[in-house]
Protein chains: 2
Amino acid sequence: MFTSVKEESILSLGEVELITSIKDWLREISPPCPQGIGDDCAIIDTSQINQQLLTTDSISYGCHFDHTVSAKQAGAKLINRNLSDIAAMGGHPGSALLNLLCGSNLRIDWLRDFIEGIRQTCKTYSISLIGGDISTLPAGQFTAALSLTGHLEGPPLLRRGALAGDAIYVTGTLGGSIYQKHYSFEPHLAQGQWLAQSKFCSAMMDISDGLAKDLKALIPDGCAAHINLESLPVSPDAHRRASESGQTAQAHAFCDGEDYELLFTVKRTVDLSQFIRRWSEQFPTLPVSKIGELRKTDTKAHYINSKTKEPLPWLKAFEHFTE
Amino acid sequence: MFTSVKEESILSLGEVELITSIKDWLREISPPCPQGIGDDCAIIDTSQINQQLLTTDSISYGCHFDHTVSAKQAGAKLINRNLSDIAAMGGHPGSALLNLLCGSNLRIDWLRDFIEGIRQTCKTYSISLIGGDISTLPAGQFTAALSLTGHLEGPPLLRRGALAGDAIYVTGTLGGSIYQKHYSFEPHLAQGQWLAQSKFCSAMMDISDGLAKDLKALIPDGCAAHINLESLPVSPDAHRRASESGQTAQAHAFCDGEDYELLFTVKRTVDLSQFIRRWSEQFPTLPVSKIGELRKTDTKAHYINSKTKEPLPWLKAFEHFTE
């Protein structure tokens, strides 16, 4: 079942190819996106009026959080990660199922605080926790998976839908989430709902693994994203991280994961100054930045520096199952 | 987060008390059963006509399967465990989300076969796999959690609902599942649906942890289950197990887990011979056995030997988080 030969292990595929392989292996039981694998949530077509969403995300000790994060913060993060996926479809959250998998040497008071983090966050967003499962892992291990339902009150905003000429926007600031933001972010539910209903946008997703990896999903065939590096909303923590890593703050803003900001495209037919005005009226405290636009290309590069016209050197963001 | 002091760890609570504690900690975000924790599935009340079900279950290497079980069998088991929960409500299955958590040294061909087991089983029951998540665990580890939707075409058959005087029935045979049945069982969907619609029954669940643990959930306050040991449908594998363990085959039938049979109560007002005739017409190849009945009691014992009137000595079935 396990192997020390890299070529035989899933390490040789990496996360992206692994997901593609699984979709291939599943064949006819894997419906096309967005009814199936490939967007932030799956859409269950209960009716045309009130489409249901379903998403799942997990957190593991040692991977998504460590001893520097409190139990309450870890619990809140599990809910907020899933909420960010609902937000990225323009949806409203509903009910949750919790899968707890842990070693039996887990402290009772730690678990109580973890559940308290879940409770507080669910209460904030009117989510009910309606069921789950508990199972044993070896001592010292903890993983929690959450499945969350949601619903749409209008058409969803999918990852696919952008066209050449559309502008690329991102909310908030990016990079250096490792210091704090990865457990203290707030899912942008109201913003996602507004963007889905406003008709300004052609595509949307959340940034969970890093712009460098996630933005690819929004780029239509035959296009590249022309990025204006000076417009990248670099966070103070990206600067702090740069001072420690030796890389640039822009590189951290472009490649660091766990920002949980919304990444979306605004249709080329939209008056961008009108869009920005409307956004600022709605969400005066959350900045939004135009970081570039989609253009037709003959090259294979996904990301082009809009000033130098050279491909951007940063292609790698966080990916499971890589060395 | 982890502790070597037993009293501080979840080991000191055990699974049943742990679930009760979590429900208490969740407070107002935990709706009452069956809209919340406590039955085989949660019911999401989308409408009175077509109630939706949601359930989740996981399998871990080293806990729910080991190297003697093929990857395909493990994949099939993950689906079938969840289907058994849908069956236990009288429901019809819908769409699934898959959470994979594994060490990056997992063999690609093993995972492909695991997914093939999922695919074949989903195809059999017309389930779509619509989304999921993949995440890293330490080398040598594998856990998969599945969430499954379903729907009811009539009123559900819940765990609560039985009354004193109702007869206790179980499908199939019990015990010794460790040899084979735990990975080769078929979920009793058609039977669950028929029982829910036939109006013969007052309560139902599936046996996943063993009769000794699970039957408690069907016993109303102030009652005990009077068990006729001679009527227990003891499987050939329970006899085999008894010859190795030194315990009786009846003890294995009563206490072994992972039978995934349906356990239900038939209303005291029902003509039992008519019920059996109707069952046999519907399901001629699946036996059903009356193993006892519910009676009012003043004692604390859950299970009484109906012949000797003494409490049954077997109280322990499989429980996570016990020594």
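The values are calculated or read from the model by the stated rules, or taken from the named source; none is laboratory data. These figures come from a predicted structure and were not determined experimentally. Note that each Cβ is placed from the backbone with ideal geometry, even for glycine, and that neighbours are counted across all protein chains shown.
Among the residues of segment A:313-321, is any among the aromatic types (Phe, Trp, Tyr), crowded, with 20+ Cβ neighbours inside 10 Å and within 19 Å of A:ALA203 (Cα to Cα)?
no
What number goes with the only condition from (1) over 19 Å from the mean Cα position of the chain (by Cα); (2) at pLDDT 95 or above that B:SER235 does not pass?
For B:SER235, the exception is condition (1).
Criterion first (of a type outside the set (D, E, K, R), without any contact (Cβ under 8 Å) to a residue 60 or more places away in the chain and within 19 Å of A:SER289 (Cβ to Cβ)) does A:ILE207 satisfy it?
Values: of a type outside the set (D, E, K, R): yes; without any contact (Cβ under 8 Å) to a residue 60 or more places away in the chain: yes; within 19 Å of A:SER289 (Cβ to Cβ): yes.
Here the answer is yes, as A:ILE207 does meet what is asked.
Looking only at segment B:1-14, count how many residues are in a helix (DSSP H, G or I) and either free of Cβ contacts under 8 Å to residues at least 24 places away in the same chain or exposed (fewer than 15 other Cβ atoms within 10 Å of the Cβ) (or both). First the steps, then the outcome.
First, pick out the residues of segment B:1-14 that are in a helix (DSSP H, G or I): B:6-8, B:10-12, B:14.
Imposing the further condition that a residue be either free of Cβ contacts under 8 Å to residues at least 24 places away in the same chain or exposed (fewer than 15 other Cβ atoms within 10 Å of the Cβ) (or both) reduces the set to B:6-8, B:12.
Within segment B:1-14, residues that are in a helix (DSSP H, G or I) and either free of Cβ contacts under 8 Å to residues at least 24 places away in the same chain or exposed (fewer than 15 other Cβ atoms within 10 Å of the Cβ) (or both) number 4.
Out of (1) in contact with a strand residue (DSSP E or B) (Cβ under 8 Å, 6 or more places away or on another chain); (2) farther than 22 Å from A:PRO284 by Cα; (3) buried (at least 23 other Cβ atoms within 10 Å of the Cβ); (4) in the same structural domain as A:THR299 (by TED's automatic domain parsing), what's the single condition that is false for A:CYS201?
Every condition holds for A:CYS201 apart from (2).
Can you tell me which residue in segment A:41-73 is surrounded by the fewest Cβ atoms within 10 Å (Cβ to Cβ), limited to those that are touching a residue at least 40 places away in the same chain (Cβ under 8 Å) and more than 9 Å from every other protein chain (Cβ to nearest Cβ)?
A:SER70
If I filter segment B:89-112 down to residues being of a type outside the set (A, V, I, L, M, F, W, C) and surrounded by 24 or more Cβ atoms within 10 Å (Cβ to Cβ), which single residue comes out as nearest to the other protein chains (Cβ to nearest Cβ)? Spell out how you get there, then give the answer.
Looking only at segment B:89-112, we keep the residues that are of a type outside the set (A, V, I, L, M, F, W, C), and these are B:90-95, B:99, B:103-105, B:107, B:109, B:112.
From the residues that got through so far, the ones that are surrounded by 24 or more Cβ atoms within 10 Å (Cβ to Cβ) too are B:90-91, B:93, B:99.
Values: B:GLY90: 17, B:GLY91: 13, B:PRO93: 12, B:ASN99: 4 Å.
So the residue we want is B:ASN99.
Name the single residue that is surrounded by the fewest Cβ atoms within 10 Å (Cβ to Cβ) among those in segment B:118-148 being facing another protein chain (nearest Cβ under 7 Å), polar (S, T, N, Q) and touching a residue at least 60 places away in the same chain (Cβ under 8 Å).
So, considering only residues that are facing another protein chain (nearest Cβ under 7 Å), polar (S, T, N, Q) and touching a residue at least 60 places away in the same chain (Cβ under 8 Å), the one surrounded by the fewest Cβ atoms within 10 Å (Cβ to Cβ) is B:THR143.
Assess whether A:GLY161 counts as being in contact (Cβ under 8 Å) with a residue 60 or more places away in the chain, on the phi > 0 side of the Ramachandran plot and over 18 Å from the mean Cα position of the chain (by Cα).
Working: in contact (Cβ under 8 Å) with a residue 60 or more places away in the chain: yes; on the phi > 0 side of the Ramachandran plot: yes; over 18 Å from the mean Cα position of the chain (by Cα): no.
The answer is no for A:GLY161.
Find the residue count for segment B:17-40, including only residues that are under 26 Å from A:GLN120 (Cβ atoms), in contact (Cβ under 8 Å) with a residue 24 or more places away in the chain and touching a strand residue (DSSP E or B) at 6+ places or on another chain (Cβ under 6 Å).
The qualifying residues number 2.
Looking only at strands (runs of 3 or more DSSP E) that fall completely inside segment A:15-129, which ones have 3 or more residues that are under 22 Å from B:GLN141 (Cα atoms)? Before the answer, list the steps.
On the way: elements: A:42-44, A:52-60, A:92-102.
Once the strands (runs of 3 or more DSSP E) in segment A:15-129 are filtered for at least 3 residues that are under 22 Å from B:GLN141 (Cα atoms), what remains is A:52-60, A:92-102.
Which of the residues spanning segment A:200-215 are touching a Leu at 6+ places or on another chain (Cβ under 9 Å) and under 15 Å from A:CYS255 (Cα atoms)?
A:ASP206, A:ILE207, A:GLY210, A:LEU211, A:ALA212, A:LYS213, A:ASP214, A:LEU215
Can you pull out the helices (runs of 4 or more DSSP H) entirely within segment B:217-311 that have at least 1 residues that are among the small types (Gly, Ala, Ser) and surrounded by 15 or more Cβ atoms within 10 Å (Cβ to Cβ)? Walk me through how you get there before you give the answer.
On the way: elements: B:236-245, B:249-255, B:272-282.
By residue number, B:236-245, B:249-255.
Which of the following residues is crowded, with 20+ Cβ neighbours inside 10 Å, in contact with a Pro (Cβ under 6 Å, 6 or more places away or on another chain) and either more than 8 Å from chain A (Cβ to nearest Cβ) or under 20 Å from A:ALA145 (Cβ atoms) (or both): B:ILE86, B:ILE115? Write out each step before concluding.
Values: B:ILE115 fails: in contact with a Pro (Cβ under 6 Å, 6 or more places away or on another chain).
Result of the check over B:ILE86, B:ILE115: B:ILE86.
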